[in-house]
Amino acid sequence: MVAQSAGMSRSPDVAVIGGGIIGCSAAAILAERGATVVLFEATAIGAGASGRNLGAIQHPFDPILAPLYHASLEHYRRLAVTDEAFAIPDQPVGVLMLNRDADASRRQVELLSAVADLDVEFMGADAVAAAEPSLVPGFAACRLATGYPIPPASATAAFSRLAAQRGAELRVGAAAELWIEDGVARGVTIAGGTHHAAGAVLIAAGPWSPPLVDPAGTWRPITRTWGVTMQLELGDAAPHHVIEEDEVDAVNRPLVAAARAAEGEPEADPPTIFTVASAAGISTLGSAFLPHEPDPARIARLLIERGSRYLPALGSAPVRDVRVCARPQSADSRPFIGPVPGTDGLFVCAGHGPWGISTGPGSATLVADAILSGAAVPGELAADRGI
Ligand SMILES: Cc1cc2nc3c(=O)[nH]c(=O)nc-3n(C[C@H](O)[C@H](O)[C@H](O)COP(=O)(O)OP(=O)(O)OC[C@H]3O[C@@H](n4cnc5c(N)ncnc54)[C@H](O)[C@@H]3O)c2cc1C
């Protein structure tokens, strides 16, 4: 348990800033281990990317992130047992990375075969057409034996319910800032200047984290790459697999994709990458990797127009929603987890880029261990790594 200073007997052990997948799962894990937790969320639970993502839980390509994914999957399986409003498929549905060029697909298979414990296979155009008849014929694919589609906001919502059940207090509509004195995190400050004391502060505010961690300083290792997702009713035309245009740079190196979008393409015609995942009767279509917040209506038109070249049913499917959100992107595509050097009692867990739903609860476990027992975080993920 986090030690509390004299005179703080009624303050929480941990104040969490941010009600996305990281903040909510961390609150649930901390509360399960006996901590008194108060979570401060500025807008709504899942207001950021955690409520607006594609909804695909996938094995990452980076081996450093793989343990976080496996731990997250275990969390989700347990959550599905205890929360009847949350469901995850028992088996992965598979991810198809589509390519018109069969040789390029074969090369992709070779490349991704290097990822430990991820089964990868080549599928020729006939096999893809048989597996996914609603796709335009002629695409080969690199098939990944991963991919658990869930309704995009459902994981975060379920963890927020679990946190509340375990006694965490969720203060929604309360933007918070770090309260720091003499190099020690004392708690948080909310609107009007009210202080809330805490034994430790965890900043889990996704792309908004750096200025909260280091208000006056230079720690800015997380940028925003903006995306748009659409919710559609595809009916029988909904693909069974998670489908992606084979653009591995976009998924694996989002900063490269964002830089390309910034430099190479006219503002009126930003690049998009076709992805679709279906869960509970709704298909989520994405996305883009953009350096500036886009006009969602403009991107939505492009997503439909370009996505229809893969999945013609998109052109006539009823649209339920269009959402814009930002990925918290670090330069090496790995999150920053653990104690923040130079400020006692301050912890961060942010920077999950395009993998936060897939790896978030695993990251939250690491940061909870660091807060409650001082456990070390692997160096490649540590908040104090210099990048
Ligand atoms: C288009 C798109 C599709 C994606 N698809 C997938 C996918 O299929 N699979 C996958 O694994 N990942 C996906 N991701 C990535 C994933 O969504 C993110 O990595 C993850 O949601 C980040 O979670 P987070 O909790 O760190 O941040 P966020 O979800 O951004 O949450 C941060 C929260 O902090 C709150 N906040 C900010 N400032 C304050 C403050 N001062 N006080 C209080 N609260 C504050 C915000 O309101 C927000 O709710 C996708 C991302 C995008 C953009």
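Take region 139-156 and flag every residue that is over 23 Å from I190 (Cβ atoms) and within 14 Å of the ligand (Cβ to nearest atom). Spell out how you get there, then give the answer.
Initially, region 139-156 is screened for residues over 23 Å from I190 (Cβ atoms), giving 139-155.
The answer is L144, T146, G147, Y148, P149, I150, P151, P152, A153, S154, A155.
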Per the filter on region 347-387, residues over 23 Å from G199 (Cβ atoms) and touching a Phe, Trp or Tyr at 6+ places or on another chain (Cβ under 7 Å) are G351, S358, T359, G362
For region 354-387, give me each residue that is touching a residue at least 40 places away in the same chain (Cβ under 8 Å), under 28 Å from G55 (Cβ atoms) and open to solvent by 10 Å² or more (accessible area, probe 1.4 Å). P354, W355, G356, I357, T365, L366, V377, P378, E380
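Residue-by-condition table, conditions (1) surrounded by 23 or more Cβ atoms within 10 Å (Cβ to Cβ); (2) within 11 Å of the ligand (Cβ to nearest atom); (3) closer than 14 Å to W355 by Cα:
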position	(1), (2), (3)
A15	yes, yes, no
S25	yes, yes, no
S50	yes, yes, yes
P67	no, no, yes
E74	no, no, no
R77	no, no, no
L112	no, no, no
Selection from region 365-387 of residues that are within 18 Å of the chain's Cα centre (by Cα) and of a type outside the set (A, V, I, L, M): T365
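What strands (runs of 3 or more DSSP E) lie completely within region 190-240 and have 1 or more residues being out of contact with any Gly (no Cβ under 8 Å at 6 or more places or on another chain), under 30 Å from A370 (Cα atoms) and of a type in the set (K, R)?
Working: elements: 194-197, 200-203, 222-232.
Of the strands (runs of 3 or more DSSP E) lying wholly inside region 190-240, those with at least 1 residues that are out of contact with any Gly (no Cβ under 8 Å at 6 or more places or on another chain), under 30 Å from A370 (Cα atoms) and of a type in the set (K, R) span 222-232.
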Sole residue being under 18 Å from the mean Cα position of the chain (by Cα) and under 22 Å from A56 (Cα atoms), chosen from A157, A131, A141: A157
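Can you name the residue in region 199-218 that is more than 14 Å from the ligand (Cβ to nearest atom) and touching a residue at least 60 places away in the same chain (Cβ under 8 Å) and is also most open to solvent (accessible area, probe 1.4 Å) among such residues?
Our first condition is that a residue be more than 14 Å from the ligand (Cβ to nearest atom); within region 199-218, this holds for 199-200, 216-218.
Applying the additional criterion that residues be touching a residue at least 60 places away in the same chain (Cβ under 8 Å) yields 199-200.
Numbers: G199: 17, A200: 1 Å².
Only one residue fits best here, namely G199.
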Taking strands (runs of 3 or more DSSP E) that fall entirely within region 297-378, which contain at least 2 residues that are over 30 Å from G34 (Cα atoms)? 319-330
Scan region 176-198 for residues that are open to solvent by less than 40 Å² (accessible area, probe 1.4 Å) and among the polar types (S, T, N, Q) and jot them down. T189
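Are any of the residues in region 339-361 over 15 Å from the mean Cα position of the chain (by Cα) and within 11 Å of the ligand (Cβ to nearest atom)? Reasoning before the result, please.
From region 339-361, those over 15 Å from the mean Cα position of the chain (by Cα) are 339-348; that's our starting set.
From the residues that got through so far, the ones that are within 11 Å of the ligand (Cβ to nearest atom) too are 348.
The answer is yes; a qualifying residue exists.
The values are calculated or read from the model by the stated rules, or taken from the named source; none is laboratory data. Bear in mind that the values here come from a model prediction, so they are computed numbers and not experimental data. Cβ sites come from the backbone with ideal geometry, for glycine too, and all protein chains shown count toward neighbours. We work out accessible area using only protein heavy atoms, side chains counted, and drop any ligands, DNA or RNA first. Shrake-Rupley method; radii C 1.70, N 1.55, O 1.52, S 1.80 Å.
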